[in-house]
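Some notes on the structure that comes next.
Since every read-out is calculated from the coordinates, none of them should be taken as a lab result. It should be emphasised that the depicted structure is a prediction, and the values quoted were computed from it without experimental measurement. FYI the Cβ positions are ideal-geometry reconstructions off the backbone, even for glycines, and counts take in every protein chain you see.
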Amino acid sequence: MKSKLIRNLSVNTLQLILNQLFGLIIFYLLSTGLDKKDFGALNLALAVLLAAFNILSLGIDQLMIKKIAAGAAVAPALSLYICHVLITGFSFYGLMILCRYFFPQTEVYNLILLAGIGKLMIFFSTPFKQVANGMERFNLLAYMSVASNLIRCISLLVFALLQGIGLKIIIIVFITGDLGELLVCIYLFSKRTKTRIAVKWNKLNYIKLLRESLPQSGVVVITSALARFDWIFIGFILSAVRLAEYSFAYRVFEIATFPMLAIAPLLLPLFTRLFQQQEINTENLKFLIRMELVVAALIILLLNICWSPVIDWVTAGKYGAVNIKTIFILSLCMPLLYMNNFLWTLNFAQGRFKMILTSFVITLLVNVAGDCIFIPLYQNEGAALAFFLSCLAQTIFYMKKNDIPALRTIWHSLIVCTSCAIVSGLIMRTIILNVEVALLFAVPFYVVLLIITRQLKRTDKIAFQQLFQH
């Protein structure tokens, strides 16, 4: 019989596969159906909205997962969370409407206002998804999470086949999909959890919730600015065309983080329970991060071997060769992201919010400084370099603040796995020009290097069974 963790991982992986598949189709239709100027303008508008609504969460989303996983009552917690998204969401959108009358009208600002209607609906749906995550109801979460992308994907495919797509059609489809996700979340959550959805205002409890989330709020503000600062900076300082090119490479990079996204939602409830125990099995933790780094480095190998031939083929030469250097630098961030996500989750589960806030302050400062210095000099490659340096700074900080002795040497695996991937890719692309043949030999060669460097061991099978036996 499969363990609960394996079932949860399977369900979460399935919904991520579907979301990534739908998202990939949407992304392809937008990048090939729009010219670079319109594609860049749309991405700039979405980047601003993503940063804004992430900030409005104030870190309550992650805090809510932790509280529910620790046994907090679902109905009162959900009610407080709904109150929060209603208050902050309507206030923010009302402010955007008011600003429309005080600032000159621009195409990007109008796009922000229209796309903001849909993002507001997504924001309103977050309480149901995060509470379901905390309850470890991943079947329910899967259904709620795919609704918007499913509607968007089908609608855009229909329009693309019948009449082509433009910005107006895209905005209408996005709003429809986001509204559909909100309605699906409300219906499924109430039906599947048997929880009565009631919005009851409780001033004292809400203030308590805000105070409790205060350290994490700083992290959220910083990470939100960090997540799309480079997009916004490129869009306003360089051009919409350069943003279109960079955002394409970055979006593919985000899609490539799929394995991390599959396991990340499972780690917080798992680590929260882990630190409630008297003894922690650190060998399982070391095995888990080593396997994550093996996968992360494999993605470096696959991205760089396949990039130019595949991307230039599917985009008719628009986004492949122009992004070779950018995607190489971004791909080097992959193991750092896996390491940072692992260490962040460990520290969050222990309630080390101030330390986490400090780490993200450092990360933001490095990223912003890097963008300001390197983007004017190296344009898109400069943005990728700034992101790499910020990820590296965060990893170094987490490792210095790590208080689990057994995890002090996990950075060895990060360096070794990354080096194995780079060496394998360079050797195969140097001696083999055909991408299919290079890929065929590069992956086995990478595995051999991992075995030689003891990143893959005979005992890994036993460690895997121990990790997933509960």
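Taking the Cα centre of the chain as origin, work out the dipole magnitude from +1 charges on Lys and Arg Cβ and -1 charges on Asp and Glu Cβ, in debye rounded to 20. All intermediate terms of the calculation are to be shown ahead of the outcome.
Values: 39 positive and 20 negative charges, 288 e Å.
Around 1380 debye, computed over the chain.
Looking at the chain, which longest stretch skips every one of the trypsin sites (Lys or Arg not before Pro) that is in a DSSP loop with at most 14 other Cβ atoms within 10 Å, leaving the sites themselves out? Each step should come with its number before you reach the end.
Numbers: sites that count: K2, R100, K194, R196, K200, R408, R454, K457, R458.
Excluding the exposed sites themselves, the longest stretch runs over 201-407.
Please give me the summed charge of the neighbours of I232: other residues whose Cβ is under 13 Å from its Cβ, Lys and Arg +1, Asp and Glu -1.
Numbers: positive: R228, R242; negative: D230, D371.
Computed value for this residue: 0.
Beyond a 26 Å Cα-Cα separation, which of these cross-linked pairs lie in this structure: K66/K208; K37/K119; K66/K203; K129/K325; K119/K168; K129/K286?
Over 26 Å apart, Cα to Cα: K129/K325; K129/K286.
Which value, in debye to the nearest 20, gives the size of the charge dipole of region 1-214 about its Cα centre, when Lys and Arg are +1 and Asp and Glu are -1 at the Cβ?
Numbers: 21 positive and 8 negative charges, 183 e Å.
That gives region 1-214 a dipole magnitude of about 880 debye.
With a/c under 1.5 counting as rounded, go ahead and sort region 256-470 into rounded, prolate or oblate using the C-alpha gyration tensor (a ≥ b ≥ c being the square roots of the eigenvalues; past the cut-off, prolate if a/b is larger than b/c, else oblate). Judged from the Cα gyration tensor, region 256-470 comes out oblate (a/c at least 1.5, b/c at or above a/b). In terms of overall dimensions, the chain has a Cα radius of gyration and Dmax of 22.3, 68 angstrom. Using C-alpha positions alone, give me the convex hull volume of region 1-214 per residue in cubic angstrom. Once divided by residue count, the hull of region 1-214 is 136 Å³. The Cβ shell under 13 Å around Q20 holds other residues with a net charge of 0, Lys and Arg each +1, Asp and Glu each -1. Computed from label points 7 Å out along Cα-Cβ, the spacing between R196 and L14 is 3.3 nm.
Where in the chain are the helices, taken as whole DSSP H runs, whose Cα atoms extend 18 angstrom or more along the long axis and whose Kyte-Doolittle mean reaches at least 1.6? Write down the numbers at each step before the final one.
Numbers: long enough: 4-33 (43 Å, 1.03); 36-57 (31 Å, 1.21); 74-99 (37 Å, 1.79); 107-134 (40 Å, 0.84); 138-162 (36 Å, 1.77); 167-193 (38 Å, 1.44); 203-237 (44 Å, 0.79); 240-255 (22 Å, 0.52); 258-274 (25 Å, 1.67); 282-314 (46 Å, 1.39); 334-349 (23 Å, 0.71); 353-378 (36 Å, 1.69); 380-401 (32 Å, 0.65); 411-431 (31 Å, 1.42); 435-452 (25 Å, 2.67).
Helices meeting the criterion: 74-99, 138-162, 258-274, 353-378, 435-452.
Just so you know, the Rg over Rh for region 123-165 is 1.21, from Cα atoms, with Rh as the Kirkwood radius. In the chain, taking the dipole from charged Cβ atoms about the Cα centre, the farthest positive-side position among L385, I25, M260 is held by M260. Computed over the chain, the per-residue total of -39500 (n - 2.57) for DSSP H runs of n ≥ 4 gives a 222 nm mean residue ellipticity of -28500 deg cm²/dmol, rounded to 500.
Mind putting a number on the dipole of region 256-470 about its Cα centre? Charges go on the C-beta only, +1 for Lys and Arg and -1 for Asp and Glu, and I need it in Debye to the nearest 20. Don't skip to the end; give the middle numbers.
Working: 15 positive and 9 negative charges, 93 e Å.
The calculated dipole for region 256-470 is roughly 440 debye.
Around W307, what is the net charge, scoring Lys/Arg as +1 and Asp/Glu as -1 over all other residues with Cβ under 12 Å from its Cβ?
Working: positive: K325, R429; negative: D312.
Combined, the nearby Lys, Arg, Asp and Glu give +1.
Between I97 and L50, what is the FRET efficiency for a Förster distance of 25 Å, r being their Cβ-Cβ separation, to the nearest 0.05?
Details: r = 19 Å, r/R0 = 0.77.
For R0 = 25 Å, the calculated efficiency reads 0.85.
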